[in-house]
1. Quick check: is even one residue across region 58-67 touching a Gly at 6+ places or on another chain (Cβ under 8 Å), surrounded by 12 or more Cβ atoms within 10 Å (Cβ to Cβ), over 24 Å from SER5 (Cα atoms) and modelled with pLDDT under 85?
2. Residue check: is SER38 among the polar types (S, T, N, Q), modelled with pLDDT under 90 and within 14 Å of the chain's Cα centre (by Cα)?
3. Is it the case that region 46-60 has a residue that's of a type in the set (Gly, Ala, Ser) and under 20 Å from ASN94 (Cα atoms)?
4. Of all the residues that make up region 1-28, how many are at pLDDT 90 or above and basic (Lys, Arg)?
5. Are there any pairs with C-beta distances below 7 angstrom linking a residue in region 10-30 that is on the phi > 0 side of the Ramachandran plot to a residue that is in a loop (DSSP other than H, G, I, E, B), with the two at least 6 apart or on different chains, and if so which?
6. Which condition number does GLU63 fail, the rest of (1) within 20 Å of GLY99 (Cα to Cα); (2) in contact (Cβ under 8 Å) with a residue 24 or more places away in the chain; (3) not in a loop (DSSP other than H, G, I, E, B) being met?
7. Tell me the residue from ALA83, ALA75, ALA89 that is in a helix (DSSP H, G or I), among the small types (Gly, Ala, Ser) and either more than 24 Å from GLY35 (Cβ to Cβ) or modelled with pLDDT of 90 or more (or both), please.
Amino acid sequence: MSLTSILSAEAIDNAVKECQAPDSFCYKKFFKLCGLSSKTPQEIKNVFQILDEDNSGYIEESELKFFLQRFVPSARTLTDAEAKSFISAADDDNDGRIGAEGWLQSYLFFSPLLFLEFQAMVLS
């Protein structure tokens, strides 16, 4: 599975272009521009699995620094401040890494409709 099987290549390119300058990355804006904010919980989990390069079930800071490059190989790396900010936004248990649940919750916070869909999935 690839990111372009979930997101359009054009949307990915546009999202990456918007955060070319160091310290300009905002995960909420990036999610919206690349189309992630309109995806289902399962599609969001699939993106997490693609980004979790070592298949540990977590995205660690070392993987997160290369977040943009996973979308577009020629993109820049995230700065330390951007990576730490991203982790703190999605690290639901304060262990310094993002688990699948924290990853999904960072999207749910951004999309009320997605949150309702996730609740229905969990409760059923």
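The values are calculated or read from the model by the stated rules, or taken from the named source; none is laboratory data. Values in this document were obtained by computation on a predicted structure and should not be read as measured data. Every residue, glycine as well, gets a Cβ built from its backbone with ideal geometry; the counts of neighbours run over all protein chains shown.
1. Looking through region 58-67, none of the residues is touching a Gly at 6+ places or on another chain (Cβ under 8 Å), surrounded by 12 or more Cβ atoms within 10 Å (Cβ to Cβ), over 24 Å from SER5 (Cα atoms) and modelled with pLDDT under 85.
2. So SER38 passes the test.
3. Yes, that holds for at least one residue.
4. Of the residues in region 1-28, 1 are at pLDDT 90 or above and basic (Lys, Arg).
5. ASP23/THR79
6. Only one criterion in (1) within 20 Å of GLY99 (Cα to Cα); (2) in contact (Cβ under 8 Å) with a residue 24 or more places away in the chain; (3) not in a loop (DSSP other than H, G, I, E, B) is unmet by GLU63, namely (2).
7. Only one candidate qualifies: ALA83.
Yes/no matrix, rows are residues, columns are (1) assigned to a helix (DSSP H, G or I); (2) crowded, with 17+ Cβ neighbours inside 10 Å:
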| site | (1), (2) |
| --- | --- |
| ASN14 | yes, no |
| ALA21 | no, no |
| SER37 | yes, yes |
| LYS45 | yes, no |
| PHE48 | yes, yes |
| SER56 | no, no |
